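First up is the structure itself, then whatever we jot down about it.
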Amino acid sequence: MKKFFPTIAFVAVALASLVLAGFAYFASRDAARIKFEAAADDAVSRIESRLDLHMSLLRATEAFFSARSGDVSRAEFENFYKTLDVDGNLAGLLGLGYLKLVKPGEEAAAEQEIRHAYGLNRTISTARDFPWRAPIMLLEPLNKEGEPYIGFDVSTDPAMRMAMEQAMADNALHTSGLRMLDPGSNWKDKPDAMVAGFVIFARLRSEDMVQSKDPAAATKGFLYAVFRARDVFDVVLAKTPLLPVNIEAYDQSIAPDNLLFRSEDPPVHGFGLKTVRMIEVAGRSWTVVLRPTAKFTEPSSPFVPVVLGLFGLLLAGTIAMIARYQERAFDAASQLHEATEKSLLEKDLMLQEMRHRIKNSIARVLAISRQTAAHSADLKDFSNSFSARLQSMAASQDMLTRSRRQQADLGDLLRVELSQVFGKDLPDDLLSGPQVTLDETMTQALGLTFHELATNALKYGEAGNSVGALKVCWVVEGKGRERTLALNWTEAGKTKLEAPTKTGFGTRLIDMNITRELRGTIEREFRNNGLRVRIRLPYSS
């Protein structure tokens, strides 16, 4: 027996080494799968966030038309489109336009509108098999390639008509699905130079016929946006950090004719990793196939398990040490798996919170756009006021993004908002107070509040002549949960300010932020030499 003990020991250790090497190999494969799934989750989240941004464009355009009761001239629509900064914010947008719902007998009136707006003679088809038609009445950007589409009846395209009928039925956004687009103009198919894209429609209701049971009678027309799929996805993939994934997106089912986008970086099939996700885009399903690219690195190389096996063979005769090593390797793999799962759970929570914030931001932007439009004298006034308020919101959000805890300093927030109104050269004694840390809700609400106060001071107060006439100070009163943030906004000078006879949207926005959202109080004292505003807020850092 002793003669065969070295052989038995060697075989036992060899078997144990092979088992250990196999365990390490499969553990590394599992870690690679988890890492790839995390990258795929990140990619899908970016795609959904980008599409939400594009769909908010149509809702904002809908709010603009609603503020004008649907009567928007060519010049107003052109100016509105220019304020969108398409190249900087909405990559992939080929065209934004308005379709008018035209019933039989109304063709001549629609043709007259086109002649009046564009000086073009267009004939709208009077086919009897359609109860209504949808010619293009407004289109931006309008160039030589796009001009022939003015007056084009979009309802003659079956896929487009189906999307419009769905939007008319449930008043939601609907997409046409995959369409081969002419990149130089709009979506009308051409035999060459076509690219994959999609069109999203939004219904514009007729305020005079809102109670009508006939959807067509209660519909004034449709707003539409045409997108080139490659540009939309390229922005997602180009965002830092770069994702080591190859993406194929299909309209509904996976088929060559349904391909919307394919990444330029080819997939690497040697990893054996692949995942398929479904996303909802304006009432239509997209299938997204994700595979790793050459930039994807596995957590550990397959060479590592081989080294572990050889090392185990060198430890022949030390069975106890091998058993102990196995136990440690198992514990390490378990801890790695638990840490990875915990990281994925935290990432899911962050993604859900991000989507919630995006939806809240979109809702706030839509509300501000409607109210600003309702209180603006003309399109230029609307554009200036709306852009300034968006910049104020963006500045507050930028401060939160730079903070790992989603917090901002009160003094820094005041400097940012005041510099947007009065310029970057602010007096040193303009602000005074201790360091106060604000959470996300207080940062967003106070950012808009300071913007509106500064705008009013610039327009009506002495600060319009000299920013030194403005002083802002704050203190924190009380202790524990009963603490209160007290802020005084003082405008001094020779100008006598009187209480306005009519409350504007800016004043109502300030009061709503302070009293409703932050549960505080605000008092205004109009004096012979200026204005004093006292704000008191419950504060807990």
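Among K220/K459; K471/K502; K424/K479; K295/K342; K479/K502; K239/K274, which pairs are too far apart, with a Cα-Cα distance over 29 Å? List each step's numbers first, then the result.
Values: K220/K459 39 Å; K471/K502 26 Å; K424/K479 35 Å; K295/K342 25 Å; K479/K502 39 Å; K239/K274 22 Å.
In this structure, K220/K459; K424/K479; K479/K502 exceed 29 Å between Cα atoms.
Run the numbers for E264 and M162: contour at 0.36 nm per residue of separation, minus the present Cα-Cα distance, in nm. Numbers along the way, then the final one.
On the way: separation 102, 0.36 × 102 = 36.72 nm, distance 3.26 nm.
Contour length minus Cα-Cα distance gives 33.5 nm.
What the Cβ-Cβ distance of V476 and L84 gives, at R0 = 35 Å and to the nearest 0.05, is a FRET efficiency of 0.25. Across the range 515-530, computed HN-Hα scalar couplings (Karplus, 6.51 cos²θ - 1.76 cosθ + 1.60, θ = phi - 60°) run 7, 8, 6, 9, 6, x, 10, 9, 10, 10, 10, 8, 10, 5, 10, x Hz from first to last residue, x flagging Gly and Pro.
For F152, the residues 5 or more places off, or on other chains, whose built amide H falls under 5 Å of its own are I136.
Loop-resident chymotrypsin sites (Phe, Trp or Tyr not before Pro) (DSSP state other than H, G, I, E or B) in the range 210-286 with no more than 10 further Cβ atoms inside 10 Å of their Cβ are absent.
Here the gap between K274 and D409, fully extended at 0.36 nm per residue and compared with their Cα-Cα distance, gives a gain of 44.2 nm.
Listed values for the range 48-64 are Karplus-derived 3J(HN,Hα) couplings in whole Hz (6.51 cos²θ - 1.76 cosθ + 1.60, θ = phi - 60°), namely 5, 5, 5, 5, 4, 4, 5, 6, 5, 4, 5, 5, 5, 5, 4, 5, 5, and x replaces Gly and Pro. By definition, a body whose alpha carbon gyration tensor gives a ≥ b ≥ c is oblate when a/c is 1.5 or more and a/b is not larger than b/c, and the range 499-541 fits this oblate description. Close amide H pairs (under 5 Å, H built 1.01 Å from N) link R527 with L497, R532, residues at least 5 positions away or on another chain.
Rounded to the nearest whole Hz, the Karplus-based 3J(HN,Hα) values (6.51 cos²θ - 1.76 cosθ + 1.60, θ = phi - 60°) of the range 249-256 follow the sequence 10, 10, 6, 6, 8, 6, 7, x, with x at glycine and proline. Going by a ≥ b ≥ c, the root eigenvalues of the Cα gyration tensor, does the range 462-541 fall in the rounded group (a/c under 1.5), the prolate group (a/b larger than b/c) or the oblate group? In terms of gyration-tensor shape, oblate. In terms of surrounding Cβ atoms within a 10 Å radius of their Cβ, V533, V232 rank from fewest to most as V533, V232. Remark on K220: its backbone amide H falls under 5 Å from those of L204, R205, S206, a criterion applied only to residues 5 or more positions apart or on other chains, H modelled at 1.01 Å from N.
Working from label points 7 Å from Cα in the Cα-to-Cβ sense, the R524 to L426 distance is 2.2 nm.
For H337 and L242, calculate 0.36 nm times their separation in residues minus their Cα-Cα distance, and state this gained length in nm to one decimal.
Numbers: separation 95, 0.36 × 95 = 34.20 nm, distance 2.43 nm.
Once the chain is fully extended between H337 and L242, it gains 31.8 nm.
Dipole size of the range 399-475 about its Cα centre, with +1 on Lys/Arg Cβ and -1 on Asp/Glu Cβ: approximately 160 debye, rounded to the nearest 20.
Computed from the coordinates by the stated procedures, all read-outs in this text should not be read as laboratory data. Only a predicted model underlies this, so the values are computations on that prediction, with no experimental measurement involved. Cβ atoms come from the backbone with ideal geometry, glycine included; neighbour counts cover every protein chain shown.
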